[in-house]
Every structure is written in structure tokens, then in C-alpha cells.
1. Find the residue count for segment B:77-127, including only residues that are more than 24 Å from residue A:252 (Cβ to Cβ) and either touching a helix residue (DSSP H, G or I) at 6+ places or on another chain (Cβ under 8 Å) or not in a strand (DSSP E or B) (or both).
2. Output the qualifying pairs, or none if there are none: Cβ atoms under 7 angstrom, residues six or more apart or on different chains, first residue in segment A:247-269 and more than 7 Å from chain B (Cβ to nearest Cβ), second residue surrounded by fewer than 12 Cβ atoms within 10 Å (Cβ to Cβ).
3. Can you tell me which residue in segment A:56-86 is farthest from the other protein chains (Cβ to nearest Cβ), limited to those that are part of a loop (DSSP other than H, G, I, E, B) and within 22 Å of the chain's Cα centre (by Cα)?
4. Could you tell me which residue of segment B:4-28 is modelled with the lowest pLDDT, considering only residues that are facing chain A (nearest Cβ under 7 Å) and in contact with a helix residue (DSSP H, G or I) (Cβ under 9 Å, 6 or more places away or on another chain)?
5. If residue B:116 satisfies all but one of (1) over 11 Å from the mean Cα position of the chain (by Cα); (2) surrounded by fewer than 19 Cβ atoms within 10 Å (Cβ to Cβ); (3) at pLDDT 95 or above, what's the number of the condition it fails?
6. For residue A:45, only one of the following conditions fails: (1) in a loop (DSSP other than H, G, I, E, B); (2) exposed (fewer than 15 other Cβ atoms within 10 Å of the Cβ); (3) within 14 Å of chain B (Cβ to nearest Cβ). What is its number?
7. Given B:46, B:80, B:95, which one is within 11 Å of chain A (Cβ to nearest Cβ), surrounded by fewer than 20 Cβ atoms within 10 Å (Cβ to Cβ) and more than 20 Å from residue B:27 (Cβ to Cβ)?
8. Checking residue A:210 against (1) farther than 29 Å from residue A:50 by Cα; (2) more than 14 Å from chain B (Cβ to nearest Cβ), which test does it fail?
């Protein structure tokens, strides 16, 4: 009897030790870097590669996708939106999210790092708990991110987060200029996050994108400035967005909520399903 | 109406001033090379993200009017300069330099540095 009771007690203790409730709280964050507060992009707004001219960012596009990009530019010159899908409030997805149009917050926990970007209230979750890429995850705009922490200078604290992200859905482009990612969505994004050695208020993200629309991996470097006077606002794009897409064409809503042409000489959309005669 | 309205716009086709409006989406539908100045009365100020909107009633010389949908910057950035949802109120009279829609429809884009009250006061006092 005593033996059975002892087994039961041990079993309960083991079960409790394996339950989430027994995880250490508060977690020990002493090994992790201080990336708290608010991060603003350094460089021009809405431009993926900040080190180049806006019109020539160095994307090594395949001929097929270079043609798609140039057709996009021609449409933009007429007032169109080209291959930029976000004007109707579709999320940026990756790697465009890291343009950080509006400020970013990074929340580091031992098993996850969460990146919140004010624009569209977008979030990405980077798993750092040792898991592998799941085989059955649904594709998403942000993809599935797995990260590992590294102590590159051997001081006993992590100073670099390396991330690989896969399993995307689209459409996505790199920025409002419409540089396209491939429609097969087989993008792989590899990142290195680290703080500048010279300035603890400058965070870098080295981003390498591997994509079927590129002839080779494309690496760029982002920099973000820490703002300690934190002010975030609400960023739900759909609240008053007047930009609409009908039949592949972009239009704009008037102050009265009526459809207006966005391009010079633009025809109204196809109204074949409206039976009412005027 | 549109031609009359265009004639009423103050100082039309100004020389392009500060840099082009660039945001989370392309502003290509707005003619940034040919900004115009308009004066009108605010019908509504929509302080929403990622862009704020001013619905501005602009009267033509013949007494008719249109309400223009004018797209501005983001609260995320404006808040740092002291803007709030009550910085502009219905009934306020504004003088704005805008980039009009290429189509000629009553819409356009504006930057905070290029608008003020009709009497010349800044929308938000400089800090």
C-alpha cells in the first residue's frame, strides 16, 4: 500500500514538473541582450535596400521577373500600383516587414522572440526553443521562423539572433516600388540580428533572401535606431483605406465613398453583374 | 464643374516643393510633379493609420462645391510632432498644397509641412 502510494506521489510530482505551470517564472533573461524599447528604421521610408538609390536597389532578378518589375514600373508611371499588393491593406509579409515603415518592438523570451511592427499591427514569432521546421504548417505571409541565439564574443551572453524563415504565402513584394518575389512562394529568408559594437542603440538586421525570382541570394543590411521615449499608435489599415482593387485595377474612394479613377483616363470597372438600368 | 473648380484653385501648378510623398504604398496615383494649392472647409478629419485623411469642401466660383478626399501622413509619425485627432476640426478653414489625383477626380495627397489654417496659423505649433 505504502509502495503504491509512493509511486502515485512520484508520478504526480513528475507530471507537475512536466506541465507548463512548472516552467520557471519569471524566466531567466540574464543571458539575453537588452533590445527593449522602440526601434525606428534608419534610412528612407518604404525602401527595401537602404544602401542604394530607390530606383535601382540591386535585386538580382531573373529575366522573367525583371520584366514583371519593369511592367510594374510602367503601370506606376500611369498612377497604378503595379505589383505592390499592400495598398489594399494586405500584410507586408517577409522580408518586407523588416522595412519597419512604422516603429518596431522586440520582445525576447527564452523560447520565442516576437517582433511587433506598428504598421498594420503586424507580428512575427521566431521560435528559439530548438524545434525543427514543421512539415504541416499552413503557409503564411510572415512564414515560419526558427531562430538560434549565439554568443559571438564569448562573454557568456547572447549577442546575435540568427533566423531562418520559410513556408510563405503571397502575394508579396519587397517594398512599394514593387520588386516582386516569386509566385511559387518558396522564399527562404535568413537573418542575423545584432547590435552595433559602437552604438547599443543601433540594431542591425542582415537579411539574405533566396527566391526563385532571384538569380542568386540577395543580401542587404538594415539598421534601426532605438527610441527610449516609447510612443506607439494603433495601425489598423482597413479603417479608412480609400484604395480599392477591382478587376485588377486600382481605384480610390471619394470623401462620399464613391468610386473615383486613380489613373488619367481610367475606365470604370466592369459592371456586368449589375442589372439595374440607369 | 471640374474646370471651374480647377480655375478656382489658388496658385495652381506650383513648383514641386519638398520631397515626394512616400509611404507604405505607392503614391503614383497622385501627381507629385504638379502640386496645387487649395483653400477649403474641413468636413471631416479622419485620424487613422496608416494615413490620416482630410475631407475638404472646396467651392467653385459658381457656388457649387466638391468634397476632396486628401490623404496625408501617419499618426505614427505625426504624433511625434504633437498632432492629435483634434488638431483639425470640422469647420476649420485650411490652405493646403496638395498633389492632386492624376485622374482629375477630387482627391489628392498632402504633407504636414505643406498645410496650415487659412489665416496662416500652423496646424500644430512648432515645439
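1. Filtering segment B:77-127 down to residues more than 24 Å from residue A:252 (Cβ to Cβ) leaves B:79-82, B:84, B:86, B:89, B:91, B:93, B:116-122, B:124-127.
Pick out the ones that are also either touching a helix residue (DSSP H, G or I) at 6+ places or on another chain (Cβ under 8 Å) or not in a strand (DSSP E or B) (or both) and you get B:79-82, B:84, B:86, B:89, B:91, B:118-121, B:124-127.
Going through segment B:77-127 one residue at a time, the tally reaches 16.
2. Close Cβ pairs (under 7 Å, with a partner that is surrounded by fewer than 12 Cβ atoms within 10 Å (Cβ to Cβ)) amount to A:247/A:270; A:269/A:247.
3. Taking segment A:56-86 first, the residues part of a loop (DSSP other than H, G, I, E, B) are A:57-60, A:62, A:78-84.
Those left that are additionally within 22 Å of the chain's Cα centre (by Cα): A:57-60, A:81-84.
On the way: A:57: 14, A:58: 19, A:59: 17, A:60: 23, A:81: 5, A:82: 7, A:83: 10, A:84: 6 Å.
Filtering first and then ranking leaves A:60.
4. As a first pass, look at segment B:4-28 and keep what is facing chain A (nearest Cβ under 7 Å): B:22-26, B:28.
If we keep only those that are in contact with a helix residue (DSSP H, G or I) (Cβ under 9 Å, 6 or more places away or on another chain) as well, we get B:24-26, B:28.
Values: B:24: 66, B:25: 75, B:26: 80, B:28: 87.
If we take residues in segment B:4-28 being facing chain A (nearest Cβ under 7 Å) and in contact with a helix residue (DSSP H, G or I) (Cβ under 9 Å, 6 or more places away or on another chain), then B:24 is modelled with the lowest pLDDT.
5. Only one criterion in (1) over 11 Å from the mean Cα position of the chain (by Cα); (2) surrounded by fewer than 19 Cβ atoms within 10 Å (Cβ to Cβ); (3) at pLDDT 95 or above is unmet by residue B:116, namely (1).
6. (2)
7. Working: B:46 fails: more than 20 Å from residue B:27 (Cβ to Cβ); B:95 fails: within 11 Å of chain A (Cβ to nearest Cβ).
Only one candidate passes the filter, namely B:80.
8. (1)
The values are calculated or read from the model by the stated rules, or taken from the named source; none is laboratory data. What you see is a predicted model; the values in this text were computed from it and never measured. No Cβ is skipped: glycine too gets one built from the backbone with ideal geometry, and neighbour counts run over all protein chains shown.
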